[in-house]
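Below is one structure, written out as structure tokens, with a few remarks after it.
The values are calculated or read from the model by the stated rules, or taken from the named source; none is laboratory data. From a predicted model like this one, the values you see are computed outputs, not experimental measurements. Every residue, glycine among them, receives a Cβ derived from its backbone with ideal geometry; neighbour counts consider all protein chains shown. Note: accessible area is taken over every heavy atom of the protein model, side chains too, but ligands, DNA and RNA are not part of it. Shrake-Rupley method; radii C 1.70, N 1.55, O 1.52, S 1.80 Å.
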Amino acid sequence: MSAEPARAPLAPGGRWTRRTFLATTLGAGGALIAGCTRPSREIPGEIVGASAVRGHRLRSGGFPPAEAIQRCAVVIVGGGIAGLAAARSLRQQGIEDFLLVELEDQTGGNSASGRNPTSAYPWGAHYVTLPTADAHEVIGLYEELGLITGRDPAGRPVYLESALVMDPAERLFVHGRWQDGLLPKTGASDAELKEFASFASVIGAFKNARGTDGRRAFTIPVDRSSRDERFLALDRLSMAEWMQANGWNSPPLRWYVNYACRDDFGGTIDQVSAWAGLHYFAARDGAAANAESEVVLTWPEGNGWLAHRLREPLGDRIHAASLAWEVDATDGGVRADVFDFVSGRSLRIEAHAAIVCVPRFVARRIVAPLRAKGEAPLEYGPWVVANITVRHFPSGPGAPPAWDSVFQDSPSLGYVNATHQTFARGIRPTVLTWYQALCDGPVLAERAKALERTHGDWCELILADLRRVHEDIDSLVERIDVCVWGHGMIRPVPGSMWSGRREQMAVPIGGIHFAHSDLSGISIFEEAFTRGTLAGAAVAEEIRRNRPS
């Protein structure tokens, strides 16, 4: 493939810091650990989280007809970050008469979290980056929640210190010991270090580049990025093809970039669009008065902290453990037929408008006009997340314990330490949140294997992975809980970001509006929150416009 799109004439510049690369999980190779032995004892714990059984009811159907009708101004389908943001947006516009329908027992989606006597911990997303200047909606939320406490004379936000990740932030296990930071410099040759520097220079140029339309080449939200063709052409390449075109073939650099793609997209450099891969590195440049731009915001429960704050004001307007199995437009607005898993009954909700905040593969099943129209399926990467309660942080040579610990020679994404943000130190219990993107084989096969594994199977695989860096891990583990995300996140394959399909998916159908990070092509908090916020504002404006004077 031609190297022309890969070598857009960009101005040099940009500073390279350890989180400018922002790779936050995963080594080369995504296959589950092979050749491991079962633990010598049965590990307490369970498989928790997203209910495949409930979701698969959409396939079998057979829902009972609605026994009652409830009316409201707006029905929100889906209680992930987009749905919670839509609810907040409606309230900001003075609309309190809404209902939010959520399949799971708790809202939060990929930002769900849990808690045990040792600590709170994430079940999915575990940090957010400092927002870019283009992320107006996110900045407004952080100001409201007190995460931004003020501004310096230059106008840069001052962030709440307790939310900024504490040092040491990240470390990598390479060549038998821990090194500070994730860029695998330990043992790298001079030629490999030069490749790191060359790649860093190009990323720095992309961070500063603007298109002919005056927009930044890469920013968050993605739809505020430049539409200049020299940048959009990158979407037609895979990240691997773009690196090959630039002559970057050293194993350490390819591992590092592959690691970054698995982290944010649940896919390898061969599976991910070059535009998306570059966006990962070049879009995150949020400024702060009291932190470097690569520093992230995190909490023991990860992004669950944000999900909880968004959920708190909603009270009984949330219908949890409920599945919206049919959403359709009517002459007077919309209707949603909802099955309550607790009562075993169906309810019909009639509203002026609906905001559908579920993944597109679900929306295609429940939104009648989408079923009739038909759409090609999107690709979703399956994931597994485990929370491992240990008596104390495991030992190891080299760099000291960090918030994020990654193993180079491993198919996993490593783990984050749930108690890292607390000020207590010393030998004490903690929870390690272990991640793996399942992306080595065909998606359907990886998903099926993951859902078939028992709790014992997962314990065997997880401990085998941890033993490669912590010889004492078996004696420390008290409990392992596992969550399998069959459709963990949208995967931005080549051609998916700028083919026009995302824009088409976002177009409302009558009174049915759509809001989910799927519409952005990448699954991050900022995209879901912005989509929900904008959809809520659009629906509020529609209601005001149609309200009799």
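Local charge for Pro394 was computed over the other residues whose Cβ lies under 11 Å away, with Lys and Arg +1 and Asp and Glu -1, and equals -1. As a test question: what accessible area, to the nearest 10 Å², does Val158 have when a 1.4 Å probe is rolled over all protein chains in place? Its accessible surface works out to 40 Å², give or take rounding. Amide H contacts for Ile76 (H built 1.01 Å from N in the peptide plane; partners 5 or more residues away or on another chain; cut-off under 5 Å): Leu99, Leu100, Val101, Ile355. Here the accessible area is traced with a 1.4 Å probe on the protein chains. For the chain, carbon and sulfur cover 53 percent of it. Dipole orientation for the stretch 236-361: of the candidates Ala283, Gly266, Ala353, Gly266 has the Cα lying most toward the positive pole (charges on Cβ; Lys, Arg +1; Asp, Glu -1). Candidates Phe196, Thr132, Val334 compared by Cα position along the dipole of the chain: farthest toward the positive end lies Val334, with charges placed on Cβ.
The string of couplings for the stretch 445-451 from the Karplus curve (6.51, -1.76, 1.60, θ = phi - 60°) is 5, 5, 5, 5, 4, 5, 6 Hz, one whole number per residue in order, with x for Gly and Pro.
Loop-resident trypsin sites (Lys or Arg not before Pro) (DSSP state other than H, G, I, E or B) in the stretch 340-437 with no more than 10 further Cβ atoms inside 10 Å of their Cβ: Arg425. Against the main long axis of the alpha-carbon atoms of the chain, helix 81-92 sits at an angle near 50°. Across the chain, C-alpha contacts under 8 Å between residues 6 or more apart give a mean separation that, scaled by the residue count, equals a relative contact order of 29 percent. Heavy-atom accessible area for Asp190, with the other protein chains in place and a 1.4 Å probe, reaches approximately 120 Å².
Out of all Cα-Cα pairs in the chain, roughly what percent, to the nearest whole number, are more than 41 Å apart? Here the tail beyond 41 Å accounts for 20 percent of pairs.
About the Cα centre of the chain, what is the dipole size in debye to 20, counting +1 per Lys and Arg Cβ and -1 per Asp and Glu Cβ, all else neutral?
So the magnitude is around 420 debye.
Solvent-accessible surface (1.4 Å probe) assigned to Arg227 amounts to roughly 90 Å². The Cβ shell under 10 Å around Phe98 holds other residues with a net charge of 0, Lys and Arg each +1, Asp and Glu each -1. In order along the stretch 281-291, the phi-based Karplus estimate (6.51 cos²θ - 1.76 cosθ + 1.60, θ = phi - 60°) of 3J(HN,Hα) comes to 8, 9, 8, 8, 9, x, 9, 8, 6, 10, 7 Hz; Gly and Pro are listed as x.
Given a cut-off of 23 Å, what percent of all Cα-Cα pairs of the stretch 450-549 lie beyond it?
Percent of Cα pairs beyond 23 Å in the stretch 450-549: 55.
Once fully extended, how much extra length lies between Asp105 and Ala133, figured as 0.36 nm per residue of separation less the alpha-carbon to alpha-carbon distance?
In short, 6.6 nm is gained.
Once the Cα-Cα distance is subtracted from the 0.36 nm per residue extended length, the Arg371 to His392 segment shows a gain of 2.4 nm. Against the chain, whose longest principal axis comes from its Cα atoms, helix 525-546 is set at around 20 degrees.
The slack between Ile427 and Glu471, meaning 0.36 nm per residue of separation minus the straight C-alpha distance, is 14.1 nm. Near Leu310: Cβ cut-off under 11 Å, other residues only, Lys/Arg at +1 and Asp/Glu at -1. The net charge is +2.
Hey, what angle do you get for helix 190-208 against the long axis of the chain, alpha-carbon based, 0 to 90 degrees rounded to 10? Approximately 30 degrees, to the nearest 10. For the stretch 384-429, the C-alpha radius of gyration sits at 1.20 times the compact-globule guess of 2.2 N^0.38 Å, with N the residue count. A 1.4 Å probe run over the protein chains yields, for the chain, 38 Å² of accessible area per residue, whole-number rounding. Ranked by the mean number of other Cβ atoms within 10 Å of their residues, highest first, the peptides 322-328, 497-503 come out as 322-328, 497-503.
Within the chain, DSSP assigns beta bridges of which about 65% are antiparallel (rounded to the nearest 5). The calculated 222 nm mean residue ellipticity attributable to helices in the chain amounts to -8000 deg cm²/dmol, summing -39500 (n - 2.57) over DSSP H runs of n ≥ 4 and dividing by all residues.
Between the stretch 215-241 and the stretch 432-488, the C-alpha centres lie 34 angstrom from each other. Rg over Rh for the stretch 121-191 works out to 1.13, using Cα positions for both radii and the Kirkwood form for Rh.
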